[in-house]
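Undergrad: Below are the structure tokens for one structure; questions will follow.
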Amino acid sequence: MSETESNPPAEDEPNRERTFGDYGGQYVPEALMPALQELEDAYQRYVLDNEDGFMDEFRERMRDFGGRPTPLQRADRLSKRYDREIYLKREDLVHGGAHKLNNALGQVLLAKYMGKERIIAETGAGQHGTATAMAATHLDMPCEIYMGRTDVNRQRPNVYRMRMNGAEVNPVDAGSGTLKEAINETMRDWATTVERTHYVIGSIVGPHPFPRLVRDFQSVISAEARDQIQEQAGRLPDSVVACAGGGSNTMGTFHEFVPDSSVDLYAVEAGGSSLEIDQDEGLAPNSATLSTGTDGVLHGAMTKLLQTTDGQIVESHSVSAGLDYAGVGPELSHLVDTGRVTPASVDDDAALNAFHRLSNLEGIIPALESSHALGFLEEAHEELGDLVVVNVSGRGDKDLETVLEETENRDLDAAPDVEVFDT
Amino acid sequence: MSGEQTAAIESDIEAAIREDHPALITYITAGDPSLEDTKEYVEALDCGGSDLIELGLPFSEPIAEGPTIQAAINRALDAGTTPARFFELVDELETDAPLLVMTYYNMILQYGSEPDVRPFVERAADAGLSGIIVPDLPAEEADPLRDACDEHGLDLVFIVAPTTAGERLDRIMSQVSGFAYVQARLGTTGARADVSNATHDSLTRLSAYDVPKAVGFGVSEGDHAAEIIEAGADGVIVGSALVDLIAEHGTGDAPAADALESKARELKRGARRGGEQRNGHEQGREEAPEPEQP
Ligand SMILES: Cc1ncc(COP(=O)(O)O)c(C=O)c1O
């Protein structure tokens, strides 16, 4: 950490508060309530009060095992293209290739301090699953991952990575076989095994205290970036941009900037192919929860959701599996309502173009999730001021197969000639 | 039993549990496989001796449910079951047993034109429902729904889990409305082959609380019902075992209704047998001191 000042914790936001304004809460089966209380207690003692040096050990392991701090890199060619200063926060360089390890390692370590014996987690794209499997192996804890059947089939390499790191992978056949169903099934496991198992939830979603706990582990991103930008550019940025699925990289990137009222915060969701919801079929061809969702309760929290007027949760869509979720973290819903965070969305085509553009111009292959933040930069850079920080939440190696297939089926300006691969 | 709570007016649900004690509470998912079938099935369960009937209003993310009821919910949703049609069905039902709706909180919140629990409760009262059970609503989040239920004279039934203890247990047991839904084991709903040790532990732990207690999660046979009632429960709740019968028989098939009715009879007989055995023990133990109040 540099000597530049970091923000003091906001006084008006007691960490034991169960809600963020009207959002959050603990809408879970009674059987889980005692476990949530136990977790609240552990969160207070180990994370907030650094009891037994928990946070010191966490930071040390994130350095030695996780590769932190990550650089804040000036993107020279993007800066030129957009005629302003563009800085990239390189979470793609965290061990495992995404910000997900910040949270996974924090929670697995916390579970250890709590005396839990078993780790379970859901995964969508497989990024959180692989990060949890890595963290669990690193800390010698048995680990089971629930993953929707559709995701198992479209994210094979990540399934292998989890297996290689010694985790069990349990495919979930219910519904559309994606993240939502994986979370349901992990909650069911937890409701059965709660006494000795910790559920490492993968984003700032779920019942209190998960949204705060995950945010605090992820806020290392903004703690570093806020110092780095002041050191490298001499001032705070005009805008900070991050993609948002559940919103963990998002709040991680925003948290320390929230009190800086001169800094605009943009949460970029997946616009998919359209922003409309098909009420009859219960389908949303997007995951733009913050922009288009309505208030309701899903997976333990009151938040903005993609749902029918009757209250059934709809199937979301995005070309990027990690953003494909019908809910979003309650803290982001709150910050959007108060106007502190501006929601935006970028469609599949724009994200794919941004994927190719960053690969082409900067020699960085970004995750398709992160490509949404970069797509927004292309579309809205004129509104973002002279100094912009964009979070590259992950690297795109996991997405190559999807991108090759999607690139063939679409007319993308920024795509290279991929025919060389066919000959 | 709640006999001592003379100050409060006895609800339909409390009366039903007291009148034909020990009580059989049956559950099926509304709309599985169609709402017309549900009507017939509810009548069969009523004839078979159910003292209370729970109707599941299907929600797309049933996190407290095991595979059996998840599948029933999928069938019901595929058949186009909506809250509006559900209430139309309840409007038509005429049963001796009071009816409860079991659904997830989001379904209750979304019933009106904006997120608010009151329109749902109002419509439920209108349709003649006597109570609501919400598996994802712990006591801590229940104030708005409790207020609305109080206003309309509905019972809001809370679940007590094997992990519920200490101050929270006291608080939940002091606010029991209708009956305490005692979750027999950790995990999700689903028929099981035996009565868990957790059930016996829970009933022992809860024996000091003078409120009606009904045990659910895993109960599937008359013998289970007997064992649970003998161990101190006032009622048994059976869901997955009935849903399994519906799934086996398929749609528009009269034998499903017959099977439900005879299963209900078996369960009710078991409950009565358990009650007689318990009365036998209690008479033999007349000299024993009263358990202390917590
Ligand atoms: C690289 C990357 N970025 C972003 C996300 C979206 O999650 P969140 O919104 O919680 O950061 C994922 C999820 O898998 C991811 O893998």
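Undergrad: Checking the condition among the charged types (D, E, K, R) and touching a residue at least 24 places away in the same chain (Cβ under 8 Å), which residue from B:94, B:65, B:140 passes?
TA: Answer to the selection: B:65.
Undergrad: Can I ask one more? When the residues of the stretch B:131-148 are narrowed to those that are more than 10 Å from chain A (Cβ to nearest Cβ) and open to solvent by 10 Å² or more (accessible area, probe 1.4 Å), which ends up farthest from residue B:93 (Cα to Cα)?
TA: Here the residue is B:143.
Undergrad: How many residues are within 11 Å of chain B (Cβ to nearest Cβ) and either charged (D, E, K, R) or more than 18 Å from the chain's Cα centre (by Cα) (or both) if we restrict to the stretch A:280-303?
TA: So the answer is 7.
Undergrad: What helices (runs of 4 or more DSSP H) completely inside the stretch A:317-416 contain at least 3 residues that are within 12 Å of the ligand (Cβ to nearest atom)?
TA: A:368-380
Undergrad: Taking the stretch A:19-71, which residues are touching a strand residue (DSSP E or B) at 6+ places or on another chain (Cβ under 6 Å), within 14 Å of chain B (Cβ to nearest Cβ) and in a loop (DSSP other than H, G, I, E, B)?
TA: Within the stretch A:19-71, A:25, A:27 qualify.
Undergrad: Out of A:219, A:203, report the one residue that is within 16 Å of the ligand (Cβ to nearest atom), surrounded by fewer than 24 Cβ atoms within 10 Å (Cβ to Cβ) and within 28 Å of residue A:60 (Cα to Cα).
TA: A:219 is the lone residue from the list that is within 16 Å of the ligand (Cβ to nearest atom), surrounded by fewer than 24 Cβ atoms within 10 Å (Cβ to Cβ) and within 28 Å of residue A:60 (Cα to Cα).
Undergrad: I'd like the residue in the stretch A:304-325 that is modelled with pLDDT under 95 and within 14 Å of chain B (Cβ to nearest Cβ) and, out of all such residues, is surrounded by the fewest Cβ atoms within 10 Å (Cβ to Cβ).
TA: It comes out as A:315.
Undergrad: Follow-up. How many residues, within the stretch A:337-358, are aliphatic (A, V, I, L, M) and over 17 Å from the mean Cα position of the chain (by Cα)?
TA: 4
Undergrad: I'd like the full set of residues that are in contact with a Pro (Cβ under 9 Å, 6 or more places away or on another chain) and either closer than 22 Å to residue B:97 by Cα or crowded, with 19+ Cβ neighbours inside 10 Å (or both), limited to the stretch B:197-208.
TA: Within the stretch B:197-208, B:198, B:199, B:202 meet the criteria.
Undergrad: Being part of a helix (DSSP H, G or I), more than 14 Å from residue A:210 (Cβ to Cβ) and away from the ligand (no atom under 12 Å from the Cβ) is the filter here, so list the residues in the stretch A:94-107 that pass it.
TA: Across the stretch A:94-107, the qualifying residue is only A:105.
Undergrad: Continuing with this model, one more query. Right, residue A:17: within 29 Å of residue A:186 (Cα to Cα), surrounded by fewer than 17 Cβ atoms within 10 Å (Cβ to Cβ) and modelled with pLDDT under 95 or not?
TA: The answer is yes for residue A:17.
Undergrad: If I filter the stretch B:87-106 for residues that are within 13 Å of chain A (Cβ to nearest Cβ), crowded, with 20+ Cβ neighbours inside 10 Å and of a type in the set (S, T, N, Q), do I get at least one hit?
TA: There is at least one residue in the stretch B:87-106 that is within 13 Å of chain A (Cβ to nearest Cβ), crowded, with 20+ Cβ neighbours inside 10 Å and of a type in the set (S, T, N, Q).
Undergrad: Regarding residue A:256, is this residue out of contact with any Leu (no Cβ under 9 Å at 6 or more places or on another chain), within 25 Å of residue A:323 (Cβ to Cβ) and either within 16 Å of the ligand (Cβ to nearest atom) or part of a helix (DSSP H, G or I) (or both)?
TA: Taking the combined requirement at face value, the residue satisfies it.
Undergrad: Can you pull out every residue in the stretch B:227-239 that is open to solvent by less than 10 Å² (accessible area, probe 1.4 Å) and either in a helix (DSSP H, G or I) or more than 16 Å from residue B:279 (Cβ to Cβ) (or both)?
TA: Once the filter is applied, which keeps residues that are open to solvent by less than 10 Å² (accessible area, probe 1.4 Å) and either in a helix (DSSP H, G or I) or more than 16 Å from residue B:279 (Cβ to Cβ) (or both), the stretch B:227-239 yields B:228, B:229, B:236, B:237, B:238.
The values are calculated or read from the model by the stated rules, or taken from the named source; none is laboratory data. Everything quoted here is computed from the prediction, not taken from an experiment. Reconstructed Cβ throughout: ideal geometry from the backbone, glycine too, with neighbour counts over all protein chains shown. Surface accessibility is based on the protein's heavy atoms, side chains included, excluding ligands, DNA and RNA. Shrake-Rupley method; radii C 1.70, N 1.55, O 1.52, S 1.80 Å.
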